[in-house]
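**Student:** Take this structure, written in structure tokens, and hold onto it; I'll ask about it next.
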């Protein structure tokens, strides 16, 4: 029997009413659990640096830590002190350096781990130890090879040991989202009773859905009698692309700390991206009634800084900080933007530190114009760094008809990345063509002294890399050589990415460099990667000697 128009209309109204009620319920539920301040816990220097090839130098870590504190990050996880002497030294230096942010060191459940973390952060103005242990049956059986009761005892012991070092102790249930909820409740209850002030329930392998993650927090907080004694935290990985969605769902479940990284870097597919989390909260305050202390206008520069330090490029279509995040090419979109920017932009580019206008730069531009352009792009350079960047800009402008924002970003970021390098490219001449053999004459500055050699190879790039090997003998293996254009046109800068690995230790690093000459960019990228690899090797040898 067919329904009448009135019956159809009535059904539509019921569905609409249910949807409206659901939205209202979500908003009211969020408001009910909030004093609305969300603590931002940045783990770029720890989880982010564990991303293969993303290792930062000591100086780069200090620079990133300084910037994160200035940007308003509440807690900075500076490293994993037991992992190496280099990690310990970096955490200790950051702990002594920062005054406003909490400085956190990570440790496993072992007493030596915890004591090492305690030693590293003990001089911090606001120290924290973050200690974790696996709680899922998969991890307990195959990784820890212990019983649930044994792990429960370790939870109490590790928290108490950490409390001997500082009052601020965070405890994490590794693989919480695949842990039996009854056992998870017992673990959390034990950790809080032992003195944990923050409880982190991470989605370690990026397995959860937002609904499941929200429900887990609600259940644990409701059933642990003393849950109000601790702040609950989310830590989400992006294996299924839901890290940010899960992090925000955790807030609805009562969590008030989000663990995240700049650009979303981290193990495997990465972590929840700090810039996406805080801008979602800012932009959708109607359904996410929370606040953070992050200075949003610094987000774009933070992204560039971490990308330069790790040599990990930011994908063009990356939310918030990608090159195309506020770019419009379609004629329909352009027409809408001209009439009213809100037709296609839900955020103002200025709100994250992106200039909405492009200052055209060329060979006739002076220092003041260049300084102003850098400021608009979010760069604040010292006089020496500014002078070096300006000279490189003038050289580039003489070789290119148009210098775009992306060209300036590439040369300034490369300058930041190479400022502490012991070896740099001074001059390069390459002979190539059909008659062969291809040859390269290369001059390097090695610790202040110039060295020149000539070498041949199976192609110009091979000749260049052979020349580098003559001047800087090494056994590193070339795992990746990749070229793409920074901008459009035949005079575009070439950006070359190089990945090198140690054949024995298996350590790998990635570096990138840009230049209008692809061969020059190739030499620079290879040298930058080699500098990183040798720096890492030096730290390892120093640890072995100690």
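The values are calculated or read from the model by the stated rules, or taken from the named source; none is laboratory data. The structure presented is a predicted model; accordingly, all values stated were derived computationally and were not measured. Virtual Cβ from ideal backbone geometry, glycine too; neighbours counted across all protein chains shown.
**Student:** Which of the residues belonging to segment 282-306 are surrounded by fewer than 24 Cβ atoms within 10 Å (Cβ to Cβ) and either assigned by TED's automatic domain parsing to the domain that holds residue 409 or part of a loop (DSSP other than H, G, I, E, B) (or both)?
**Tutor:** Within segment 282-306, 284, 285, 286, 287, 288, 289, 290, 292, 293, 295 qualify.
**Student:** In addition: Take the conditions at pLDDT 95 or above and crowded, with 22+ Cβ neighbours inside 10 Å and apply them to residue 130. Does it pass?
**Tutor:** yes
**Student:** Still on this structure, please answer the following. For the structure I just gave you, tell me whether residue 336 is touching a helix residue (DSSP H, G or I) at 6+ places or on another chain (Cβ under 8 Å), farther than 18 Å from residue 486 by Cα and modelled with pLDDT under 90.
**Tutor:** So residue 336 fits the description; yes.
**Student:** Just for segment 482-497: of the residues that are in contact with a strand residue (DSSP E or B) (Cβ under 7 Å, 6 or more places away or on another chain) and surrounded by fewer than 16 Cβ atoms within 10 Å (Cβ to Cβ), which one is farthest from residue 324 (Cα to Cα)?
**Tutor:** Here the residue is 482.
**Student:** Please go through segment 259-281 and pick out each residue that is assigned to a strand (DSSP E or B) and either over 12 Å from residue 237 (Cα atoms) or free of Cβ contacts under 8 Å to residues at least 60 places away in the same chain (or both).
**Tutor:** Matches in segment 259-281: 273 only.
**Student:** Let me ask something else. Only one of these is modelled with pLDDT of 70 or more and either loosely packed, with under 14 Cβ neighbours inside 10 Å or part of a strand (DSSP E or B) (or both): 372, 355. Name it.
**Tutor:** Exactly one of 372, 355 is modelled with pLDDT of 70 or more and either loosely packed, with under 14 Cβ neighbours inside 10 Å or part of a strand (DSSP E or B) (or both), namely 372.
**Student:** Related question: Take the conditions farther than 16 Å from residue 259 by Cβ, in a loop (DSSP other than H, G, I, E, B) and out of contact with any strand residue (DSSP E or B) (no Cβ under 6 Å at 6 or more places or on another chain) and apply them to residue 225. Does it pass?
**Tutor:** Judged against the criteria, residue 225 is a match.
**Student:** Here's a follow-up. Output the number of residues of segment 71-90 satisfying the condition of being modelled with pLDDT of 95 or more and more than 19 Å from residue 109 (Cα to Cα).
**Tutor:** 8
**Student:** A further question on this structure: At least 3 residues that are over 22 Å from residue 533 (Cβ atoms) in each: list the strands (runs of 3 or more DSSP E) lying fully within segment 429-500 that qualify.
**Tutor:** Output list reads 438-446, 449-457.
**Student:** Right, something else. Please specify each residue of segment 228-256 satisfying the condition of being over 15 Å from residue 288 (Cβ atoms) and assigned to a helix (DSSP H, G or I).
**Tutor:** Within segment 228-256, 228, 229, 243 meet the criteria.
**Student:** For segment 98-118: of the residues being more than 12 Å from residue 81 (Cα to Cα) and surrounded by fewer than 18 Cβ atoms within 10 Å (Cβ to Cβ), which is farthest from the chain's Cα centre (by Cα)?
**Tutor:** 111
**Student:** I would also like to ask the following. Pull up segment 172-186, narrow it to residues that are outside any helix (DSSP H, G or I) and under 23 Å from the mean Cα position of the chain (by Cα), then point me to the one that is farthest from residue 159 (Cα to Cα).
**Tutor:** 175
**Student:** For residue 455, state whether it is over 27 Å from residue 412 (Cβ atoms) and at pLDDT below 95.
**Tutor:** no
**Student:** Checking residue 230 against (1) farther than 26 Å from residue 119 by Cα; (2) in contact with a strand residue (DSSP E or B) (Cβ under 6 Å, 6 or more places away or on another chain), only one condition comes out false. Which one?
**Tutor:** (1)
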